[in-house]
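Here's the structure we're looking at; comments come further down.
The values are calculated or read from the model by the stated rules, or taken from the named source; none is laboratory data. These numbers were taken from a predicted model, which means no experiment stands behind them. As a convention, Cβ positions derive from the backbone with ideal geometry for all residues, glycine included, and neighbour counts pool all protein chains shown. Keep in mind that these areas ignore ligands, DNA and RNA; they rest on the heavy atoms of the full protein, side chains included. Shrake-Rupley method; radii C 1.70, N 1.55, O 1.52, S 1.80 Å.
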Amino acid sequence: MTMKIGFIGTGGIAKAHLNNLATIEGAEVTAFCDIDLTRAEKEAQQWTEAKAYTDVDEMLDDTTLDAVYICVPPMAHGAPENAVIERGIPFLVEKPLAIDKRKPNEIVKKIESKKLITSVGYHWRYLEGVQRASSLLSDRKSGMALGYWMGGMPMVPWWRKKDGSGGQFIEQTTHIVDLLRYLCGEVDEVYTACSQRVMHEKVEGTTVYDVGTVTMKLNNGMVATISNTCLSPVGHKVGLDIYTDLGVLEISSAGLKEIGPNLISEYKELKNPYFVEDEVFINAVRTGDPTNILSDYKDSVKTHEITIAANESAETGKSVSLKEMSRL
Ligand SMILES: NC(=O)c1ccc[n+]([C@@H]2O[C@H](COP(=O)([O-])OP(=O)(O)OC[C@H]3O[C@@H](n4cnc5c(N)ncnc54)[C@H](O)[C@@H]3O)[C@@H](O)[C@H]2O)c1
């Protein structure tokens, strides 16, 4: 059976999913919505029966869709999800879920009440290296983790603005926060130190911090720091290092390095995690069985809340307890 799929947002990440869907049997993209009609039309031309729209409700009323991809920038979440949920359509939404915590908390309740299949673009979970790390960690004790997203600034205009992307920790480094949760456990408390050093002088309209470190306490006793910068003219380290009683695991999108007392072993990543993520989502919708989805909306809310707490700590200069934050 051919599955009819719609897209809301047709920028960079939408293109990556579309390239994958083009090779997944039975997946047919039939509708594209973007506030920029020329973008939607350009993508629609690549598919035999696709139509382009600028209004989400018009697209959803005009077509019958089995699944929707929501690939809008962080500040544009809310209305697309609500329109899709109202019509009971399963969806894959890109991270981050929003730039605040209210919208995802409202959305998750609606998803639960409709029992909808969802997937969130935390594609690192689908890396073979991450799966191997997860199995190695099952018989060792982890003490601490150091995470990184050290590089330059993406030049899409919304990224540099706090009220566009939410800042680097919410927009990019959220992948590493999610990896920490997935491999090490839940976070109880965060404290952020951050600053604007270079990019606000270099790129007009920049309001986001360009350096920052977030210190975290996990509820199993582990401690972690996750640092990020977007001021570097060269991409540097992106990943998570986990220190355990049997050695160190270095995880990056390129693979997994295991450093033990008598061994160094390296696994070079062979899988395209975006492809696996898309294939798993499409199969889940086709079969009605979400078991293989590694990151659904409900779980992703927890990752998102940590990044919101980190931003709150940046503003107040005080540590933030996740439990206390969720009570507010
Ligand atoms: N999982 C990943 O590794 C990954 C990688 C890149 C981007 N992303 C995420 O995907 C999202 C989009 O990023 P991008 O790089 O594609 O951005 P982009 O700027 O290239 O594209 C966003 C598109 O959404 C459109 N848009 C904006 N508001 C809209 C609305 N209300 N309705 C419909 N369309 C709207 C814009 O016109 C644009 O075409 C971001 O949240 C980003 O964090 C995830």
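Quick notes
- Helical mean residue ellipticity (222 nm; -39500 (n - 2.57) per DSSP H run of 4+; nearest 500) of the chain: -10500 deg cm²/dmol
- All Cα-Cα separations within the stretch 32-158 were binned at 10 Å from zero, giving a P(r) of 10, 32, 30, 21, 7, 1, each value a whole percent of the pairs.
- Relative contact order of the chain, defined on C-alpha pairs under 8 angstrom at six or more residues apart (%): 19 percent
- Under the Karplus curve 6.51 cos²θ - 1.76 cosθ + 1.60, θ = phi - 60°, whole-Hz ³J(HN,Hα) for the stretch 316-328, x wherever Gly or Pro sits: 8, x, 10, 6, 10, 8, 5, 5, 5, 5, 6, 6, 6
- 30 Å Cα-Cα threshold exceeded, pairs from K115/K257; K101/K257; K15/K298: K115/K257; K101/K257
- Computed over the chain, the P(r) curve from all C-alpha pair distances, binned at 10 Å from the origin, holds 6, 25, 33, 25, 9, 1, 0 percent per bin.
- Positive contributions from Lys and Arg (+1) and negative ones from Asp and Glu (-1), summed over other residues with Cβ under 11 Å from the Cβ of R140, come out at -2.
- Most mobile of E204, E269, E171 in a GNM of the chain (Cα contacts under 10 Å): E204
- Within a straight-line Cα-Cα reach of under 13 Å, K110 can be paired with the following aspartates and glutamates, leaving aside sequence neighbours fewer than 8 residues apart in one chain: E81, E86.
- For the stretch 186-328, the spread of Cα positions along each principal axis, largest first, Å: 45, 43, 38
- Compared with the dominant Cα axis of the chain, that is its longest principal axis, helix 102-114 is turned about 60°.
- For the residues V223, V214, V72, a 1.4 Å probe over the protein chains yields an accessible-area ranking, largest first, of V223, V72, V214.
- Within-13-Å neighbourhood charge of D289 [Cβ basis; K, R +1; D, E -1]: +1
- Cut-off under 5 Å, modelled amide H: who pairs with R197 long-range: D210, V211
- Helix axis angle, 174-184 relative to the chain longest principal axis, alpha carbon, degrees: 60 degrees
- Burial ranking of peptide ranges 162-170, 193-201, 62-70 (average Cβ count within 10 Å, highest at the top): 162-170, 62-70, 193-201
- In terms of packing, defined here as the mean over residues of other Cβ atoms within 10 angstrom, the peptides 182-191, 312-321 line up highest first as 182-191, 312-321.
- Mean Cβ count within 10 Å, highest first, over the residues of peptides 20-32, 232-244: 20-32, 232-244
- Highest GNM mean-square fluctuation among I176, I117, I35, for the chain modelled with Cα contacts below 10 Å: I35.
- Other residues within the sphere of radius under 9 Å centred on the Cβ of I5, judged by their own Cβ, net out at -1 (K and R +1, D and E -1).
- Nearest-10 value in Å² for the accessible area of W158, using the 1.4 Å probe: 60 Å²
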